[in-house]
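**Student:** The structure is given below, and queries will be raised subsequently.
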Amino acid sequence: LLLAAAFVFLIEGWQQGRYTVRVLWLLPLLTILWANLHSGYLFGIVIIGVYVAGSWLQGHFSRHPAEVGQLNPYWLAAAGAGSFLAALLNPNGYKLWLYPFETLGSEAMQKFIVEWHAPDLNLSLFQPFAVMLGLTVLVWLFSNRPVTWIDALFFFGGAAAGLTSARNIPLFAVMNTTMLSRHLLSALADTRAYPLLSGDRPDPKISPMLKIANWFVLAVALLGCFVWSFQRVSNTQTAIGALYPVAAVDFILDSPLAEANVLNSYGWGGYLIWRDLPVFVDGRADVYGDFLFTFQQTNLGQASWREPLETYDVDYILLEQGHQIIALLTESPEWSLVYEDGVALIFVREGVAWQ
C-alpha cells in the first residue's frame, strides 16, 4: 500500500506541475524495491497503465483535455515499460512476471482463502468501502470539475476489483482518495468549509499561551500512546497464548512427536515454523497452490478425509478447539486424543510413540 501510494503521489505531482517529467524514473527504482518485497508489484504497473490509458483517452475523447495537466501518455508508457522490465531484478528473475497470474489462476486460493472472496457489504468491516463508493458518486454529482477518464478508470476499475475480491479494497482506497478529495474540494468551493479543507485560509496568529497549550496536548497524546503501547507489548505473551497453541507445542517439543509428521490447522502453520516444527501447511497459500485441495479433504472432514493422512504418513494432528473434524477423530479407532487444553488438541495415530 505504501508503494502504491508513492506511485500515485509521484504521478499526481507531475500532473499538477510540482515535479518535472524526470520524477517518472523513480518508478522503475521503486518497482525494483516492490518486486523484492511483495509480488503485488504488478499493481504499480497497473496504476501506471491507468494513467496512460486515461490521459490518452482524455486527450482524444474529451472536451476537457487540459484536466490531465502535463501528463503525457507516451512518457508514462515509457516509465511503465521500464518498471515492468525493472521487476526482473529479483532472485527469481522472469518467474516473478508469471507469479501473479499463477496466483490469480489458482482455483484453490480463490475457493479457500477468505481475502480472495467477494466482500459482504453487510459486515461492518466492509462498510467503509461501501461508504466510499457512495460518497464518490455523490461528490461527482456536486463537483464543479469534470470527471476525467483517469477518475472513471480508477473508480470503476477499483470498485470492480474490490467487489470481486476483498483483498483489493485497500488498493481501491489508495487509488481513489486523491480523486475523491479533489472533487470534494470542488463541491465545497462556495462553502465556509473550503478554506479550512483546502489550506487556502491564511495562517492565524497564535498567542504564546495557545502554543504552550498545543505542546501540552501533544505531550499528553504522546504519553498516552507510550502507555498504550507498553500495555500492549507487556500483554503480548498472554495474547499469543490465547490465540496459538503455545502449551501444546511445548508438549510436542518435549516428546517424540517433535520429529514426527504433523497435520496442523492452517492458521497455526506460521507459529509452528516460528517454534522450529515442520508443518503440513501454513499461511503462505500461494506456495501451496492447489495442494490446498488435498489439505481440505481432511480439514473439512470430507468423505475422503483419511486419504491425505495415509498419503503423507501423518503421525499426529494439531487442531484448535471446536474444529469440525474432532468428532471424526474421536470416533476413529486409528486416532487417540493425547493432549487437550483450552486452545488446542493433539490426536496421535495408533502405534506412534508420543511419550
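The values are calculated or read from the model by the stated rules, or taken from the named source; none is laboratory data. Since the structure is predicted, the reported quantities are computational estimates derived from the model, not experimental observations. Cβ coordinates were reconstructed from backbone atoms using ideal geometry, including for glycine residues, and neighbour counts include every protein chain displayed.
**Student:** Does any residue of segment 113-123 turn out to be surrounded by 12 or more Cβ atoms within 10 Å (Cβ to Cβ) and without any contact (Cβ under 8 Å) to a residue 12 or more places away in the chain?
**Tutor:** Yes; the residues of segment 113-123 include at least one that is surrounded by 12 or more Cβ atoms within 10 Å (Cβ to Cβ) and without any contact (Cβ under 8 Å) to a residue 12 or more places away in the chain.
**Student:** Still on this structure, please answer the following. May I ask you to list the residues in segment 140-157 that are closer than 20 Å to S62 by Cβ and either touching a strand residue (DSSP E or B) at 6+ places or on another chain (Cβ under 7 Å) or part of a helix (DSSP H, G or I) (or both)?
**Tutor:** W140, L141, W149, I150, D151, A152, L153, F154, F155, F156, G157
**Student:** For a quick check of your reading: which helices (runs of 4 or more DSSP H) sit entirely within segment 1-119 and have at least 2 residues that are modelled with pLDDT under 85 and assigned by TED's automatic domain parsing to the domain that holds N168?
**Tutor:** Qualifying helices (runs of 4 or more DSSP H): 42-60, 95-104, 107-112.
**Student:** Now for a different question. For segment 256-281, give me each residue that is more than 19 Å from D313 (Cβ to Cβ) and either assigned to a helix (DSSP H, G or I) or without any contact (Cβ under 8 Å) to a residue 24 or more places away in the chain (or both).
**Tutor:** Those that are more than 19 Å from D313 (Cβ to Cβ) and either assigned to a helix (DSSP H, G or I) or without any contact (Cβ under 8 Å) to a residue 24 or more places away in the chain (or both): Y266, G267, W268, G270, Y271, I273, W274, D276.
**Student:** Name the pairs whose Cβ atoms lie under 8 Å apart, with the first residue in segment 306-325 and without any contact (Cβ under 8 Å) to a residue 24 or more places away in the chain and under 23 Å from L253 (Cα atoms), the second crowded, with 17+ Cβ neighbours inside 10 Å and not charged (D, E, K, R), and 6 or more positions between them or separate chains?
**Tutor:** Short answer, once both residue conditions are applied: none.
**Student:** Taking segment 228-241 as the search range and keeping residues that are surrounded by fewer than 10 Cβ atoms within 10 Å (Cβ to Cβ) and either touching a residue at least 60 places away in the same chain (Cβ under 8 Å) or not hydroxyl-bearing (S, T, Y) (or both), which one is nearest to V343 (Cα to Cα)?
**Tutor:** My answer is V233.
**Student:** Separate question: Taking Q321 as the residue in question, decide whether it is under 26 Å from G241 (Cα atoms) and modelled with pLDDT of 90 or more.
**Tutor:** Taking the combined requirement at face value, the residue satisfies it.
**Student:** When N214 is evaluated against the numbered criteria (1) exposed (fewer than 10 other Cβ atoms within 10 Å of the Cβ); (2) over 33 Å from the mean Cα position of the chain (by Cα), which criterion, by number, is the only one it fails?
**Tutor:** So N214 meets the others, but not (1).
**Student:** A follow-up question, please. Taking into account only those residues within segment 144-180 that are surrounded by fewer than 19 Cβ atoms within 10 Å (Cβ to Cβ) and of a type in the set (D, E, K, R), which is farthest from I11 (Cα to Cα)?
**Tutor:** It comes out as R167.
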